[in-house]
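Encoded as structure tokens, the structure appears first; notes follow it.
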Amino acid sequence: MTLTTWAGNLTYHHDRLHRPSTVDELQELVARSRRIRALGTRHSFNHLADTEHDLVQLHGLPAEVVIDPDARTATVSAGARYGTVAEELHRQGWALHNLASLPHISVGGAVSTGTHGSGSANLSSAVAGLDLVAADGGLRSLRRGDDELAGSVVGLGALGVVARVVLDIEPTYDVAQEVHLDLPWEAVLSDLDAVTGSADSVSLFTDWTGPAVQQVWRKTRLPRGGTYRPRADLFGARPAPGPVHPLPGIDPVNCTEQLGVPGPWHDRLPHFRLAFTPSNGDELQSEYLVPREHAVAAIEEMRSLGSLVAPLLQVSEVRTVSADDLWLSSAYGGDRVGLHLTWQSRQPEVESVLPAIEAALYPLGARPHWGKLFHAVDGAASWERWRDFQDLVQRSDPDRKFGNRFLEEAGVYHRAAR
């Protein structure tokens, strides 16, 4: 069976594909496998989840959302989609602190790669616990307070197969979303904090050319049933006259409701509706996350590369990410600004410009998104807890049952090979 990434840019090399329907079946599968990797919803653009041996999909695991109201947590299957979990949480009066721009992605895949979501709070930072199938097939339960949890959440699949995720929850709330057009770059560069702090979630959509950011998407939290007054002016940008899509010329029918109309959090935090095909599909993606203090310099670097990247872009998105303490998170140790690039499906040409982008951004402390396209990464230089993560991998999986070429090339393993 041919299986590709969501964008169809890469084909998986597995010998066998498994779809267990229970955690017990998953444990038995892991125990008898020589090499195994877990696959989420395939919204990845590189070979992070690839293997030449056993590949396991988790969407067949029980889909219950088990809420502990006293602890304010919900335990969900790692294979569940965020949008599905969100609908059930909202039905019971609860919410998550953030959602991905695409609600179609799996919880386990998103947190394991450090996906941050549409708002500032990293999705992974809501993880209060993991149930992880280890190399011997045993089930390890890590909870907040355990020494290894912070190193295991953004685990890249190197520590085992995540079966269940425990998420922090809060009472449900509403969000109002509005879009402004043509924000002058001068306003962004002179006071980035004011622009990105003008709502609870702010995304700037640009192609890095011209005098203005083409679109600014702003999401504002409200009490359930609260009202919202749309903003007439935004630092020189004007309100969009109607719903828009981030990509010029695309029908916004698959985008979440705009124009400042309040609605449930799960219908506004994503950029795209769960009921529609995610985003544009025919695309590639990269993302680099720079320290907040270097964000203006990074934006200026990207603008200087505009003539190089714009011909290959569909659109680029700039958004903030709050600090967390997860060892391999893009936001470990400090607030970040993400520079996201949605490329046309021209992979050789895209890969040819990535070194120039990295040469400009890595000296500013940029880190790549683990699930997207990048040219190279120096883990030890980019993450302070990199060697601790290597040690954790060595203790957890000394025979590299969960290993693959991506992890080897990224330097996840100690040099002394087994």
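The values are calculated or read from the model by the stated rules, or taken from the named source; none is laboratory data. Quick caveat, the model's predicted, so the values are computed rather than measured. Ideal geometry is used to build each Cβ from the backbone, glycine not excepted, and the neighbour counts take in all protein chains shown.
Are any residues in segment 21-55 surrounded by 15 or more Cβ atoms within 10 Å (Cβ to Cβ), assigned to a loop (DSSP other than H, G, I, E, B) and over 25 Å from the mean Cα position of the chain (by Cα), and if so, which ones? Residues satisfying the conditions are Ser33, Arg35, His53. Residues that are under 19 Å from Ser101 (Cβ atoms) and among the small types (Gly, Ala, Ser) were ranked within segment 294-335; the one that is surrounded by the fewest Cβ atoms within 10 Å (Cβ to Cβ) is Ser322.
Taking (1) part of a loop (DSSP other than H, G, I, E, B); (2) out of contact with any Leu (no Cβ under 8 Å at 6 or more places or on another chain); (3) closer than 19 Å to Arg238 by Cα; (4) of a type outside the set (Lys, Arg) in turn, Ala194 satisfies each apart from (1).
Inside segment 154-168, residues that are surrounded by 24 or more Cβ atoms within 10 Å (Cβ to Cβ) and either in contact with a Lys or Arg (Cβ under 8 Å, 6 or more places away or on another chain) or among the aromatic types (Phe, Trp, Tyr) (or both) make up a count of 2.
A count restricted to segment 294-338 and to residues that are more than 30 Å from Arg144 (Cα to Cα), out of contact with any Gly (no Cβ under 7 Å at 6 or more places or on another chain) and not β-branched (Val, Ile, Thr) stands at 19. The sole residue among Leu58, Leu48, Leu26 that is in contact (Cβ under 8 Å) with a residue 60 or more places away in the chain and touching a Phe, Trp or Tyr at 6+ places or on another chain (Cβ under 6 Å) is Leu48. For Asp146, the conditions (1) touching a residue at least 12 places away in the same chain (Cβ under 8 Å); (2) of a type outside the set (A, V, I, L, M, F, W, C); (3) touching a helix residue (DSSP H, G or I) at 6+ places or on another chain (Cβ under 9 Å) all hold with the exception of (1). Checked against (1) surrounded by fewer than 20 Cβ atoms within 10 Å (Cβ to Cβ); (2) within 20 Å of the chain's Cα centre (by Cα); (3) more than 20 Å from Val188 (Cβ to Cβ), Pro355 passes all but condition (2). Taking the listed residues Gly242, Gly226, Gly210, the one that is under 30 Å from Ala297 (Cβ atoms), of a type outside the set (Phe, Trp, Tyr) and in a loop (DSSP other than H, G, I, E, B) is Gly210, with no other qualifying.
Applying the criterion of being surrounded by 24 or more Cβ atoms within 10 Å (Cβ to Cβ) and of a type in the set (A, V, I, L, M, F, W, C) to the residues of segment 101-131, the residue that is nearest to Arg32 (Cα to Cα) is Leu130. Is segment 92-109 home to any residue that is in a helix (DSSP H, G or I), β-branched (Val, Ile, Thr) and not assigned by TED's automatic domain parsing to the domain that holds Arg273? Yes, segment 92-109 contains a residue that is in a helix (DSSP H, G or I), β-branched (Val, Ile, Thr) and not assigned by TED's automatic domain parsing to the domain that holds Arg273.
Looking at this structure, is Leu204 outside any helix (DSSP H, G or I), under 25 Å from Arg336 (Cβ atoms) and at pLDDT below 95? No; evaluated as a whole, the condition is false for this residue.
Which one of these is surrounded by fewer than 15 Cβ atoms within 10 Å (Cβ to Cβ), under 30 Å from Leu308 (Cα atoms), of a type in the set (Gly, Ala, Ser) and outside the structural domain of Leu99 (by TED's automatic domain parsing): Ser190, Ser203? Write out each step before concluding.
Working: Ser203 fails: surrounded by fewer than 15 Cβ atoms within 10 Å (Cβ to Cβ).
Going through Ser190, Ser203 in turn, just one is surrounded by fewer than 15 Cβ atoms within 10 Å (Cβ to Cβ), under 30 Å from Leu308 (Cα atoms), of a type in the set (Gly, Ala, Ser) and outside the structural domain of Leu99 (by TED's automatic domain parsing): Ser190.
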